[in-house]
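Engineer: Got a structure here, written out as structure tokens. Questions coming.
The values are calculated or read from the model by the stated rules, or taken from the named source; none is laboratory data. The model shown is predicted, which means the values in this text are computed figures rather than measured ones. Because the Cβ atoms are built from the backbone with ideal geometry, glycine has one as well, and the counts that use them run over all protein chains shown. These accessible areas exclude ligands, DNA and RNA; they are computed on the full protein's heavy atoms, side chains included. Shrake-Rupley method; radii C 1.70, N 1.55, O 1.52, S 1.80 Å.
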Amino acid sequence: MMVYRDKHILSAQQLRKLSEHKYSCFSASLLDPLLQPWWNWLVAQTPLWLAPNLITIVGLILNVVTTLILICYSPNGVEPPPRWTCLLCALGLFIYQSLDSIDGKQARRTNTSSPLGELFDHGCDSISTVFVALSACISCQLGHYPNWLFFQCFCAIALFYCAHWQTYVSGTMRFGRIDVTEAQFSIIAIHLVSAVLGPEFWLTKLPYFDCETRFLPIYVACGIDSILAVRYSKCILTEGCGKNGSSVAGTSVLSPSIPLTLVVLPALMIAQKSPQNIFTEHASVYIMAFGMVAAKVTNKLVIAHMTKSEMEYLDWSLLGPSLLFLNQYFNCIVPEIWLLWFTLIWGTQDLLRYCAQVCLEICQHLRIDLFRIPYAPKGAAASSSHPATASVSSQSNFGSSADKNGGTTHRKSKSKPH
């Protein structure tokens, strides 16, 4: 797995199953119907030559870059960031949310829907989840309470994983009345409050309550997290669509718990037992490092669902966390910050190389391009000259909450509950 070019990640059977995959989604989101007119207008302004996956990646880059700027000014979530960085984060997240909501619409406008679009969108969201959660914590200076910062960020990461876990079990992605879209706009609101009133606003005391203002969004988030956790648990335990209540691949419904545990449990143990206070002193690097590992594991779960195959438990991305754990066991013979940066760099390059290789294999199998539409959109000639593409055009190329009102073949990825 280290040298992806010398080894195919997806087998011939997995590629065949991927070609047969159809996206299934159910949503009861409160905000999605209200945002439909905006998304419909936005996609109507989008040139037909613009590939849906290019729309997705541009939104992700903007979201990541604006968050990195915020991190530069407040790497531990303790120092108050400049107001303009919070405004920039709000704008970056809004653009990302909007572009992520129209990529599926653009795919159907141009007859370029494919399972690759669904996978690519989920992959981008797995990365975005890490940066969105971290930016919200920094914006309200949650670094003063490291345990809360850890809890909120890893809750977001774990719940995103669980959203795909329940999809792997039931075959259908489900969104409640308060879900990803509502969470995204709540975080946009947090950034806007910090931009207008200053990050110091979150340090003020609430009238009639003996707590700081920043605990208000924390408690609300905890309530929503609890509701989502209960909902996902019920679905995982009772709605297996395979034989005898198993997953879509016929495996145990509890099997995806192993990769998640191998990420979250070491992260918690390393943070709590670090003699050099590695998490407290380098919170942002820590969250990003383990976030990239979690994103890799989540992508493998998505692929397992779409190809109806068993998920692998061990992964090379776990090398960094393993070294951090062993280093603590041997009384930190290597400075922990060195290994933490190694974990971030190794995990990031491993994730990017893995995703690039998977996309390349799928593109070759389906005879399509990732970021380019090489034929006339919506034309009959395109369908006849590209039978491989046409054959999957009616399948899932999910995109946004807005795409759920037309059936079960929509692109929709924003499964990042907070």
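Engineer: Can you tell me which of (1) touching a strand residue (DSSP E or B) at 6+ places or on another chain (Cβ under 6 Å); (2) surrounded by 22 or more Cβ atoms within 10 Å (Cβ to Cβ) is the one ARG174 doesn't meet?
Structural biologist: (2)
Engineer: Which of the residues spanning the stretch 321-344 are touching a residue at least 24 places away in the same chain (Cβ under 8 Å) and part of a helix (DSSP H, G or I)?
Structural biologist: Matches in the stretch 321-344: PRO321, SER322, LEU324, PHE325, GLN328, GLU336, ILE337, LEU340, TRP341, THR343, LEU344.
Engineer: Name the residues in the stretch 289-343 that are more than 20 Å from THR251 (Cβ to Cβ) and within 17 Å of the chain's Cα centre (by Cα), would you? Before the answer, list the steps.
Structural biologist: From the stretch 289-343, those more than 20 Å from THR251 (Cβ to Cβ) are 289-295, 316-343; that's our starting set.
Listed by number, the residues that qualify are ALA289, PHE290, GLY291, MET292, VAL293, ALA294, ALA295, SER317.
Engineer: Got a sec? Which of LEU301, LEU339 is farther than 27 Å from HIS164 by Cα and either surrounded by 14 or more Cβ atoms within 10 Å (Cβ to Cβ) or among the hydroxyl-bearing types (Ser, Thr, Tyr) (or both)?
Structural biologist: Only one candidate qualifies: LEU339.
Engineer: Please state which of the following conditions PHE160 fails to meet, knowing it meets all the rest: (1) over 15 Å from the mean Cα position of the chain (by Cα); (2) within 30 Å of LYS234 (Cα to Cα); (3) open to solvent by less than 10 Å² (accessible area, probe 1.4 Å).
Structural biologist: For PHE160, the failing item is (1).
Engineer: Sticking with this one: Residue check: is TYR375 over 27 Å from GLU20 (Cβ atoms) and modelled with pLDDT under 95?
Structural biologist: Spelling it out, it is not the case that TYR375 is over 27 Å from GLU20 (Cβ atoms) and modelled with pLDDT under 95.
Engineer: Contact list please: Cβ distance under 7 Å, first residue in the stretch 263-292 and within 19 Å of ALA133 (Cα to Cα), second residue outside any helix (DSSP H, G or I) and open to solvent by 40 Å² or more (accessible area, probe 1.4 Å), pairs at least six apart or on different chains.
Structural biologist: Final answer for the pair search is SER284/PRO75.
Engineer: Does SER317 satisfy the condition of being surrounded by fewer than 17 Cβ atoms within 10 Å (Cβ to Cβ), hydroxyl-bearing (Ser, Thr, Tyr), on the phi < 0 side of the Ramachandran plot and in contact with a helix residue (DSSP H, G or I) (Cβ under 8 Å, 6 or more places away or on another chain)?
Structural biologist: No.
Per-residue answers, yes or no, for (1) assigned to a helix (DSSP H, G or I); (2) surrounded by fewer than 17 Cβ atoms within 10 Å (Cβ to Cβ):
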| residue | (1), (2) |
| --- | --- |
| LYS22 | no, yes |
| PHE26 | no, yes |
| TRP38 | yes, yes |
| LEU48 | no, yes |
| ILE57 | yes, no |
| ILE61 | yes, yes |
| THR67 | yes, no |
